[in-house]
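The values are calculated or read from the model by the stated rules, or taken from the named source; none is laboratory data. Since the structure is predicted, the reported quantities are computational estimates derived from the model, not experimental observations. Note that we place each Cβ from the backbone using ideal geometry, even for glycine, and neighbour counts take in every protein chain shown.
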Amino acid sequence: MNLTLPYSLSAVAAPFFGSLLVLLALAQPAAAQSSSDEEKVYTYVEQMPQLPGSGGNQAIVAAIQERLVYPEQARRDNVTGRVFVSFTVTEEGSVKSVKIVKGLGSGLDEATVAAVSQLPRFIPGKQNGRTVSVSFTVPVTFPPASGATAPATLDGARVYTYVEQMPTLAAPNEKATVLAAVMKTLVLPAEVRDGKSKGPVQVTFVVDAKGDVRDPKMVRGLCPACDEAVLAAVRKLPRFVPGRQGGQPVAVNMALPLELISPNHVYPADPRGLHATFPAPGLYDYIKRNLRVPAVVATEKLQGRIRVEFVVRPTGKAEAAEAKTHLCTSCDAEAVRLVNSFPAWQPARDKADQPVATRQYVDIPMPLPDPNKPFLDADKVYSYAEIMPTLLDGGTAFGPVIQQAVRYPEAVKRENINGIVYAEYIVDADGLVRKPRITRGLCTSCDQAVLDAIAQICPCTPAHQNGRPVPMQMRVEVPFTPSSVSAAPVPVKKPASSPAKKK
């Protein structure tokens, strides 16, 4: 069975990796390539696989980068170029079927396969509410070698570039990435803090057979003060669990790419990754309690949504609010005032788990939707549209918001009831939740807790088809476990132009 693998990940890694550049690019949705539902391998699904802790594509990039090792002989021979590798994330989240699509030889193909094979278990992808296998194609670039090379020996023993069991941070830091550990102690020099210098750097170091960090060297630098700051942070790394080869602890050369950038840099918000979060009890609750709708809205029967863009700083403060859509002068001014009055958000965090500034937006409805308004479009509910519904802050992760709003009943906690509640609901043309219902329940109190949580997520920004708001059928799974992780809602996939008629 031949699979076409058009899914690739974007060139996110280019700024971060000097010697080993991983480019990942999101492709457009594509149809599954296999004929059997049981064996189907997708190239794009409603909920793409992700590594634990989320982080989206940046987390995948970081995980691959930490595991890639440029073979020394290929480096000395200046063998460069791209290796295209494909792999599948299974229904269980494991990585399998790692294959070279286009190789370079000289050990680069093997190094690429080894790096991908070491990826940790993913949270599997989902399509129509069930876990599925998803394929990826990753182009890995080996640029011309520069700077330091791995030492051949350390204390008279061989230094490996790849071993059967690569070094990992030891307890109590075993859950942290090496990048996060470096960034935690990195003191940015003044020229980086002021925005005068920024860019990717790469450092190598040896984790010896005892787990200590030795011999840090810059492979790609930025400025003298920048390089020294990076080396100082690497020297402060905590102890590792040493790498092992043939069951014995050995010294391993590690390569780490990172980007030095000003703390004042503002990233564009990405609902799948970098995105600040409004504190409980939620954004709409705050809007409902604090919005002062101008009188002209009622007298002139105005109706619309004002989009306000703003910046959430690493401290969580919202500032620099600016109205991007217009309803009326006093309406726009009130929307901006409201955003400037926001309490502190939970700031977005980068792949090094550091708080960062993001540019975000919020859609403020005027007047506020009336939940008592009759639902008149029940016979014209869409299952897919050109623009899908979003939360008022532009986020698309309805599932985590619903999960956060669930209040566990005492009986569920006392009896440790585990399982999943499957539900569906409609986001109508006003952005209100309509007709929430349980499609597969778990227990009476669990089901009611999910219905109560769904009722709290809206008003939302409704779906749009042909430039007008339309009602949209949505589905969600809500797990009940001590360590539950919510899933994103699953829109029912049907052609946008064919509304589902009410029976």
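Looking at 356, 362, 339, which is the one that is in a helix (DSSP H, G or I), out of contact with any Ser or Thr (no Cβ under 9 Å at 6 or more places or on another chain) and either under 24 Å from residue 179 (Cα atoms) or β-branched (Val, Ile, Thr) (or both)?
On the way: 356 fails: in a helix (DSSP H, G or I); 362 fails: in a helix (DSSP H, G or I).
Step by step, each of 356, 362, 339 is checked, and only 339 is in a helix (DSSP H, G or I), out of contact with any Ser or Thr (no Cβ under 9 Å at 6 or more places or on another chain) and either under 24 Å from residue 179 (Cα atoms) or β-branched (Val, Ile, Thr) (or both).
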**OP:** Starting from the range 324-353, keep only residues that are over 26 Å from residue 265 (Cβ atoms), then list their pairs with residues that are surrounded by fewer than 20 Cβ atoms within 10 Å (Cβ to Cβ) and among the small types (Gly, Ala, Ser) whose Cβ atoms are within a distance under 7 Å, requiring at least 6 positions of separation or different chains.
**Re:** 327/304; 332/323; 335/323
**OP:** Considering each of 399, 304 in turn, give the residue that is in the same structural domain as residue 446 (by TED's automatic domain parsing) and not basic (Lys, Arg).
**Re:** 399
Original post:
What tally of residues in the range 373-407 results from selecting those that are under 19 Å from residue 481 (Cβ atoms) and in contact with a helix residue (DSSP H, G or I) (Cβ under 7 Å, 6 or more places away or on another chain)?
Top reply: 4
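For the structure I just gave you, tell me whether residue 140 is surrounded by 16 or more Cβ atoms within 10 Å (Cβ to Cβ), β-branched (Val, Ile, Thr), more than 24 Å from residue 263 (Cα to Cα) and free of Cβ contacts under 8 Å to residues at least 60 places away in the same chain. Talk me through it step by step, then tell me what you get.
Numbers: surrounded by 16 or more Cβ atoms within 10 Å (Cβ to Cβ): yes; β-branched (Val, Ile, Thr): yes; more than 24 Å from residue 263 (Cα to Cα): yes; free of Cβ contacts under 8 Å to residues at least 60 places away in the same chain: no.
In short, no.
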Original post:
So which residues in the range 430-480 are small (Gly, Ala, Ser) and not in a loop (DSSP other than H, G, I, E, B), if there are any at all?
Top reply: 445, 449, 453, 463
**OP:** Report, by residue number, each residue of the range 184-208 that is surrounded by fewer than 20 Cβ atoms within 10 Å (Cβ to Cβ), of a type outside the set (D, E, K, R), out of contact with any helix residue (DSSP H, G or I) (no Cβ under 6 Å at 6 or more places or on another chain) and not in a loop (DSSP other than H, G, I, E, B).
**Re:** 190, 199, 200
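Does residue 426 count as more than 28 Å from residue 365 (Cα to Cα) and part of a strand (DSSP E or B)?
no
Being within 30 Å of the chain's Cα centre (by Cα), part of a strand (DSSP E or B), at pLDDT 90 or above and outside the structural domain of residue 311 (by TED's automatic domain parsing): is that true of residue 234 here?
Values: within 30 Å of the chain's Cα centre (by Cα): yes; part of a strand (DSSP E or B): no; at pLDDT 90 or above: yes; outside the structural domain of residue 311 (by TED's automatic domain parsing): yes.
Answer is no for this residue.
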**OP:** Tell me which of these residue 243 doesn't satisfy, since it passes every other one: (1) of a type in the set (Gly, Ala, Ser); (2) free of Cβ contacts under 8 Å to residues at least 60 places away in the same chain; (3) within 21 Å of residue 181 (Cβ to Cβ).
**Re:** (2)
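Hey, can you tell me all the residues within the range 156-173 that are assigned to a loop (DSSP other than H, G, I, E, B) and surrounded by 11 or more Cβ atoms within 10 Å (Cβ to Cβ)? Lay out the reasoning, then the answer.
Step one: of the range 156-173, the residues assigned to a loop (DSSP other than H, G, I, E, B) are 156, 161-164, 166-167, 170-173.
Once the filter is applied, which keeps residues that are assigned to a loop (DSSP other than H, G, I, E, B) and surrounded by 11 or more Cβ atoms within 10 Å (Cβ to Cβ), the range 156-173 yields 161, 162, 163, 164, 166, 167, 170, 173.
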